Amino acid sequence: MKKIFSFLLILFISISRLTAQTITINLGTTNVEAKNIYTSTGLPWELKYGPGDSLWMTTRNGNVFRINAETGASTLLLNHTANVVQSGESGMLGMVFHPAFATNPFVYIVYTYLDAGNIKERLSRFTYANNALSSESVLLQNITGNTTHNGSRLLVLPDNTILMTTGDAQNLSSPQNINNLSGKILRLNLDGTVPVDNPIAGSYVYSLGHRNGQGLMLHPNGKIYGTEHGPDSNDEFQIIEAGRNYGWPNVYGFCDNDIAGETAFCTANSVKEPLASWNVIPGGTWAPSDLIWYGSAAIPEFQNTILVTFLKTNKIRRIQLNAAGDAITGQTDFFVSQWGRLRDITAAPNGDIFLATNSSPFRIIRIRNLNILPVTISKLEANCEQRNININFTASGAINVSRYFIYTANDITNFTLAATLPAQTSQGNTTQNYSQKLLNNFKYYKIISEDVDGSKKETAYKNVACGNNVSFSISPNPASNYFNLNTNNTQEIYLLQVFNGVGAKVFEERRKNNVSIATSNWAKGLYLVTVRDKENNVLFTDKMIVN
């Protein structure tokens, strides 16, 4: 008998239809807006919130799109249809970004292709530049594929390795064969080489005994969770561990002998049982697809839970775990049959959830808490009283204010987050304040406001001095042949330093009054001017352009 969780319930949701594109859904205590922001002509497979505060989507026919998460405007980044074979469930599948995308603008994509008439699968790396993906570099290929059971989800781990799920490609002998890459979870370095600490030396195999892994996610607890399609029953929700055997095709779900020999095989092969085995009665599967960890407070019903999308049962399931992350404490279904088959799920930093449907018309649905809407800042003041910094700011014309981030620094190049403030009011103008004990003589402060889409608006720096009235300024700025550092300081010696755009020091001198510096021999570009006192506290910092 399979384990049935008594906490499973179906949440009946009340729905008021606004338009054909937008509905309001009550989740219990939270009203969310569900809006169709994009309709695709190609069947979506991977959907990720990524660089550019945008959605990135693969389609099975071989395209990659970037989609504005607010307007739905799309940009075709890659047309790889000439290289991708799509038949049945094959095609362009998983996608993931390099973890340091700003300096390494790489996108990793799995797709199937034809080799001498046979379907094969490969993992390639593409380079992003100028609104396009190009410069394909094949990292791993010649993996046996088929019209179904190809996987393939990708996950980048904190150690800069990639996990890749592969299906059994309809060959039941492959999952238990360690020399065959089908029916596995593979682990690669970002350059495609085999990590030296993989469970099997010289092999990409990270775990074996998989039928068709569709979801991978890394939990804040450090555990990796996955979803997998069963044959005619026993879809699985798993903890993925290095070197473990997950039993297929000798084990369906738990090691409980519902097919002959399960228990003996599990014992002999140290099979890792799933946390959940869904639809335990043969005759149909639920077909779980991708899953995410939802840590945002934007939708309280989902906060700190795992959300799984399902294809055949057309729903999202919320999974709650115990503190150790090794047992399920509750399961609840949402949005049942609301949009048909759900292929993928992702979330933005502000808590918006995005779903990719697998039923025509192929849509991207945005789910948003209606109580969080855009905010901007119109005024920022700062002053020093008895070595306390007092920050006051006003948000004008804001509707349903979200939150504010207070950043502080001893210079303008290394700001750190000092506080996150929730808005005091939810409508109209709001004035708020923040105080901090001053540790050094001078501090820089700025505020970043965040709107519902996760986009941020940054204020100008505020330089607040405590303990004296010394001031500095630069003129002219931009400079051509020289610049002046102007100051009212005539008593204390200060250190003037100038750094170029790559951080190299180009000038240093100790002074205690105004100074004029020749720049005619300096390269054109951006410079950083810094003044420090004898205790090395930053008295003044500003950017200067030499043209």
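We did not get these values from a lab; they are worked out from the coordinates using the rules stated. What you are looking at is a predicted structure, and each value in this text was computed from that prediction instead of being measured. Glycine gets a Cβ as well: all are built from the backbone with ideal geometry, and neighbour counts include every protein chain shown.
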Let me have the relative contact order for the stretch 472-546, percent, based on Cα pairs under 8 Å that are six or more residues apart. 33 percent
Over the stretch 179-240, what is the relative contact order in whole percent, taking alpha-carbon pairs under 8 Å and six or more residues apart? 23 percent
Take the Cα gyration tensor of the stretch 275-375, multiply each eigenvalue by 5, square-root it, and list the three semi-axes largest first, rounded to whole angstrom. 23, 20, 9
Under a no-solvent Debye model with one identical scatterer per Cα of the stretch 211-300, what's log10 I(q)/I(0) at q = 0.11, 0.17 Å⁻¹? -0.33, -0.72
Pairwise label distance in nanometres, L417 with L370, each label 7 Å out on the Cα-Cβ vector: 2.9 nm
Length gained if Q497 through A82 is fully extended, taking 0.36 nm per residue and subtracting the Cα-Cα distance, is 143.8 nm
If the stretch 130-209 were replaced by its equivalent ellipsoid, with semi-axes equal to the square roots of 5 times the Cα gyration tensor eigenvalues, what would those be, largest first, whole Å? 22, 17, 10
So if each residue of separation counts as 0.36 nm, and I subtract the Cα-Cα distance between A327 and I448, what length gain in nm does that give? 39.6 nm
Estimated D of the stretch 152-253 in µm² per second, where Rh is the Kirkwood radius over Cα pairs and Stokes-Einstein applies at 20 °C, 1.002 mPa s: 159 µm²/s
Between A268 and S471, the FRET efficiency computed from the C-beta separation at R0 = 45 Å comes out, to the nearest 0.05, as 0.05
Inverting the mean 1/r over all pairs of different Cα atoms, compute the Kirkwood radius of the stretch 472-546 and quote it in Å. 12.4 Å
Label-point separation, S516 to I178 (7 Å along Cα→Cβ), nm: 7.8 nm
Which peptide among 255-261, 240-246, 215-221 comes first, and what is the full order, when sorted by highest mean count of other Cβ atoms within 10 Å? 240-246, 215-221, 255-261
Length gained when the stretch V138-L114 is fully extended (0.36 nm per residue, less Cα-Cα span): 7.2 nm
Can you figure out the FRET efficiency of Q170 with N104, using R₀ = 45 Å and their beta-carbon distance, to the nearest 0.05? 0.80
If Lys and Arg each add +1 and Asp and Glu each add -1, what is the summed charge of the other residues whose beta carbon sits under 10 Å from the beta carbon of D168? +2
Approximate spin-label separation S203-N547, in nm, with each point projected 7 Å along Cα-to-Cβ: 6.4 nm
